[in-house]
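Notes to accompany the following structure.
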Amino acid sequence: METISILPPELIRMFIAVIVIITFLFLNGIMMGYAERKIAGHVQRRPGPMEVGFHGILQMIVDGVKLLAKELIIPINVDRNLFRIAPLLSFTPVILPLLVIPFSEKLQARDLNLGLLLIVTMGSINVMALLVGGWGSNNKYSMFGAMRAVAQCIAYEIPILLSMLAVILMTNTFSLKGIVGAQENIWFIVLQPIAFLIYIISGVAETNRAPFDLPEAESELTAGFHTEYSGMGFSLFFLAEYTNMFIVASVATVLFLGGWHGPPLPYGEYLGIVWFFLKVYFLLFLMIMVRWTYPRVRFDQLMNFAWKYLIPFALVNLFITAVVVKL
Amino acid sequence: MLKTDFQEQNRFFLNMGPQHPSTHGVLLVLLEMSGEYVLDPQPVLGYIHRMHEKMAESRPVMGFMPNTARMDYVCALPYNHGYVALIERKAGIEVPPRAEYIRVITSELNRIASHLLWLGAYLLDLGAFTPILYGFDDREHILDILENITGSRLTYCYYRFGGLSRDVDDKFVEATRTFVKRMRKRFDIYKKLVTDNIIFIKRTEDIGVVSPDMARRYGITGPNLRGSGIAYDVRKNEPYSVYPEFDFEVPVGKNGDCLDRYMVRVREMEQSLRIIEQALDRLPDGPVKAKVPKKIKLPPGDCNFAVEAARGELSYYLIADGTDKPYRLKIRVPSFSNLSCLQELSSGILLPDLVSILGSFDLVIPEIDR
């Protein structure tokens with residue numbers, strides 16, 4: 001007790017928050033993995049996992065144990081350092097954005113006045129991980145995947161930023177709490193439908209999900225940048241992907257869907273998290289449905305779509321917003 | 001595509017296959033690439049060569065029957081059909097009409113199964129995961145029907161010289177009718193899920209255009225040829241069995257791109273359903289096997305028989321020397337010719353387009369290597 005009282009309470013709060021977030025992150029990975037397989041199953045008219053536990057609910061835990069127990073094979077000709085760093089580099093930056101996301105009015109680890117910027121920055125680091133992993137693997141397919149990932153993420157970060165800026169022009173703040181606070185009466189999806197659409201499309205591309213899963217297009221590049229990874233190295237990439245999806249969906253909820261706002265609940269300042277999670281998982285459900293329905297686009301089509309359609313529309317939208325807001 | 005100096009200097013080789021998700025089996029395509037552009041793709045064959053033609057020379061004709069199903073295991077019954085019809089033509093054996101009708105019904109069922117599998121696998125190449133499960137769902141019904149009468153699900157050995165190994169019962173007729181009804185409704189689902197999908201159209205339209213002239217030069221047959229607008233179908237042009245008695249169309253495409261090849265196959269499935277329905281309506285009674293001597297002696301001379309397999313024209317060419325073993329049996333498989341145009345077709349295209357083209361040809365590698 002003595003030592004704890006000496007430490008600044010803010011530090012303890014942060015420490016607890018990080019532990020909670022990391023735990024949640026693994027839990028989210030497990031839930032999302034299960035949901036993906038179950039939804040994919042039902043989309044494809046089969047039951048999905050059924051054997052382990054009730055309706056296969058423990059399947060992901062069994063798979064997690066399997067992945068943990070597997071050997072991390074390092075091929076002979078790889079760059080050993082880069083090869084090992086890449087999964088960590090992909091996993092670490094996805095923890096930080098969760099610190100600034102307001103799950104409800106009182107449930108937020110830290111409200112930064114530049115919170116949105118932190119999220120965007122950390123999102124960019126993820127690309128580094130794919131590049132490092134693809135380059136370090138010393139495999140042509142991995143290299144293809146890495147190159148595609150870089151080009152794709154650069155192309156799609158611009159529309160993401162532009163659509164975010166439209167919201168920021170309306171709220172005059174980068175703080176996520178402030179943005180949600182401004183949506184008490186009307187959600188921004190009503191005022192900014194184009195920005196919302198652009199954000200969701202670019203978000204799917206940013207997380208390398210189908211139909212934009214070109215960096216790991218398995219029918220072309222076997223498995224893309226993680227061709228050579230096995231065991232925990234692979235599962236860290238996998239966890240990072242699901243957490244990235246969660247972050248993209250949370251940011252969409254914060255920016256456009258009114259965050260924790262919803263019909264009033266008792267202890268609303270805490271239980272707003274229920275509405276928040278409902279919205280987030282609804283968006284994630286949509287992303288999963290899209291993945292199991294559409295074919296993959298070709299790379300030049302993907303780039304054309306970003307540069308010829310999304311960015312001009314986002315710019316026009318931003319311009320109109322600026323004019324209307326400042327009038 | 002312009003070949004710039006930069007591309008010339010930065011050439012590298014990429015081994016696509018023999019273990020690659022979209023070469024479907026053990027095909028190796030040696031790609032000379034520059035960036036994501038394919039400059040020179042070279043198919044390398046021979047990874048699953050099993051000497052089928054040599055095996056035919058070393059045993060009595062019946063002994064080769066099971067081998068025919070193991071060349072193109074996706075659509076095995078036309079292979080059975082071609083072989084038995086060849087020997088029947090050579091040895092002068094008459095086949096009872098009921099047997100011919102059942103041969104047509106089962107062959108067409110097998111063709112639909114093959115096209116369904118192709119549809120799913122092709123969409124898998126394009127990155128859509130769901131259609132293959134839908135295709136397998138429908139194909140499962142066909143496999144069940146065929147399993148009940150032939151005893152196997154994939155590598156059938158059902159036809160015999162002069163007929164069939166056994167007769168079908170009313171349950172088969174009923175199950176086939178139910179399937180035809182069910183399949184008619186399913187086309188709508190495929191249309192909504194695949195054919196109308198904008199990404200699918202963008203990935204296949206104007207990709208891998210085979211001109212009619214090019215198709216003729218390479219000897220492309222089957223849906224790949226009909227996709228280029230040439231209405232050549234062995235069932236119509238050199239009719240065999242009881243096909244002339246049925247009313248069906250030969251669907252053709254216009255541009256010869258991947259989308260046309262896709263559409264031709266989908267419409268072919270509908271035509272196959274029509275044939276099956278007519279054959280079921282007119283299914284005659286009678287024996288299913290003619291009297292055939294145990295040891296079939298082949299008179300000296302040569303003989304040829306062509307059938308329309310799911311992938312194109314399959315023709316058996318036999319030279320006999322008066323014994324019960326063939327002196328030489330040459331099998332002309334459609335996939336080999338279909339693959340041969342890959343190099344001309346896909347120099348200077350993107351890697352994803354190569355996957356799309358390769359998939360649209362509906363290759364079965366064990367058939368190419370034999």
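Key figures
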| quantity | calculated |
| --- | --- |
| Enumerated helices (runs of 4 or more DSSP H) restricted to the stretch A:54-107, each holding at least 1 residues that are among the β-branched types (V, I, T) and either within 30 Å of A:Q183 (Cα to Cα) or touching a Leu at 6+ places or on another chain (Cβ under 8 Å) (or both) | A:96-100 |
| Selection within the stretch B:98-155 - within 12 Å of another protein chain (Cβ to nearest Cβ) and β-branched (V, I, T) | B:T130, B:I132 |
| Sole exception among (1) surrounded by fewer than 22 Cβ atoms within 10 Å (Cβ to Cβ); (2) touching a helix residue (DSSP H, G or I) at 6+ places or on another chain (Cβ under 6 Å); (3) part of a loop (DSSP other than H, G, I, E, B) for B:E277, by number | (3) |
| Among residues of the stretch A:199-229, those that are among the small types (G, A, S), more than 11 Å from chain B (Cβ to nearest Cβ) and under 25 Å from B:H24 (Cβ atoms), counted | 1 |
| Unique match (being of a type outside the set (S, T, N, Q) and over 21 Å from A:I288 (Cβ atoms)) among A:E51, A:E36 | A:E51 |
| Count - residues of the stretch A:284-309 that are under 19 Å from the mean Cα position of the chain (by Cα) and not in a helix (DSSP H, G or I) | 1 |
| Some residue of the stretch B:182-202 being surrounded by 15 or more Cβ atoms within 10 Å (Cβ to Cβ) and in contact with a Lys or Arg (Cβ under 8 Å, 6 or more places away or on another chain) | yes |
| From B:L298, B:L318, residue being more than 14 Å from chain A (Cβ to nearest Cβ) and modelled with pLDDT under 85 | B:L298 |
| Residue satisfying condition, being crowded, with 24+ Cβ neighbours inside 10 Å, over 30 Å from B:E205 (Cβ atoms) and not aliphatic (A, V, I, L, M), within set B:P300, B:P326, B:P366, B:P334 | B:P326 |
| Selected residue (only one of A:S230, A:S202, A:S235 is small (G, A, S), in contact (Cβ under 8 Å) with a residue 40 or more places away in the chain and over 21 Å from A:G33 (Cβ atoms)) | A:S202 |
| Residue within the stretch A:305-314 that is over 24 Å from A:P97 (Cα atoms), within 14 Å of another protein chain (Cβ to nearest Cβ) and among the hydrophobic types (A, V, I, L, M, F, W, C) present | yes |
| First in the stretch A:19-39 and of a type in the set (K, R), second anywhere and outside any helix (DSSP H, G or I) and buried (at least 17 other Cβ atoms within 10 Å of the Cβ), Cβ under 7 Å, 6 or more apart | A:R37/A:G48; A:R37/A:P49; A:K38/A:G48; A:K38/A:P49 |
| Matching residues in the stretch B:203-227 - criterion: being outside any loop (DSSP other than H, G, I, E, B), aliphatic (A, V, I, L, M) and crowded, with 17+ Cβ neighbours inside 10 Å | B:A215, B:L225 |
| Selected residue (criterion: nearest to B:V38 (Cα to Cα)) from residues of the stretch B:344-370 that are among the acidic types (D, E) and away from chain A (no Cβ under 14 Å) | B:E344 |
| Residues that are without any contact (Cβ under 8 Å) to a residue 24 or more places away in the chain and within 14 Å of chain B (Cβ to nearest Cβ), drawn from the stretch A:280-304 | A:R298, A:D300, A:Q301, A:N304 |
| Top-ranked residue in the stretch B:192-207 [being charged (D, E, K, R) and in contact (Cβ under 8 Å) with a residue 40 or more places away in the chain; ranked as nearest to the other protein chains (Cβ to nearest Cβ)] | B:R203 |
| Failed criterion for A:P87 (all others in (1) more than 19 Å from A:Y281 (Cβ to Cβ); (2) under 22 Å from the mean Cα position of the chain (by Cα); (3) loosely packed, with under 14 Cβ neighbours inside 10 Å hold) | (3) |
| Residue check for B:D72: crowded, with 24+ Cβ neighbours inside 10 Å and charged (D, E, K, R) | yes |
| Residue check, A:Q59 of a type in the set (S, T, N, Q) and within 14 Å of chain B (Cβ to nearest Cβ) | no |
| Some residue of the stretch B:70-90 being within 30 Å of A:F144 (Cα to Cα), out of contact with any helix residue (DSSP H, G or I) (no Cβ under 6 Å at 6 or more places or on another chain) and either within 14 Å of chain A (Cβ to nearest Cβ) or not basic (K, R) (or both) | no |
| Residue list for the stretch B:238-270, filter: over 17 Å from B:T204 (Cα atoms) and in contact (Cβ under 8 Å) with a residue 40 or more places away in the chain | B:E238, B:Y240, B:S241, B:V242, B:Y243, B:F246, B:E268, B:M269, B:E270 |
| Output for the stretch B:9-30, where each listed residue is within 23 Å of B:G127 (Cα to Cα), within 10 Å of chain A (Cβ to nearest Cβ) and part of a strand (DSSP E or B) | B:L14, B:N15, B:M16 |
| Inter-residue pairs, beta-carbon under 6 Å, first touching a residue at least 60 places away in the same chain (Cβ under 8 Å) and in a helix (DSSP H, G or I) and in the stretch A:153-175, second among the hydroxyl-bearing types (S, T, Y) and crowded, with 20+ Cβ neighbours inside 10 Å, 6+ apart | A:Y156/A:S202; A:P159/A:S202; A:S163/A:Y199; A:A166/A:T321; A:L169/A:T321 |
| Test result for B:G46, part of a helix (DSSP H, G or I) and loosely packed, with under 15 Cβ neighbours inside 10 Å | no |
| Qualifying residue in the stretch B:271-279 (condition: in contact with a strand residue (DSSP E or B) (Cβ under 9 Å, 6 or more places away or on another chain) and more than 23 Å from B:D206 (Cβ to Cβ)) | no |
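The values are calculated or read from the model by the stated rules, or taken from the named source; none is laboratory data. Everything quoted here is computed from the prediction, not taken from an experiment. Virtual Cβ from ideal backbone geometry, glycine too; neighbours counted across all protein chains shown.
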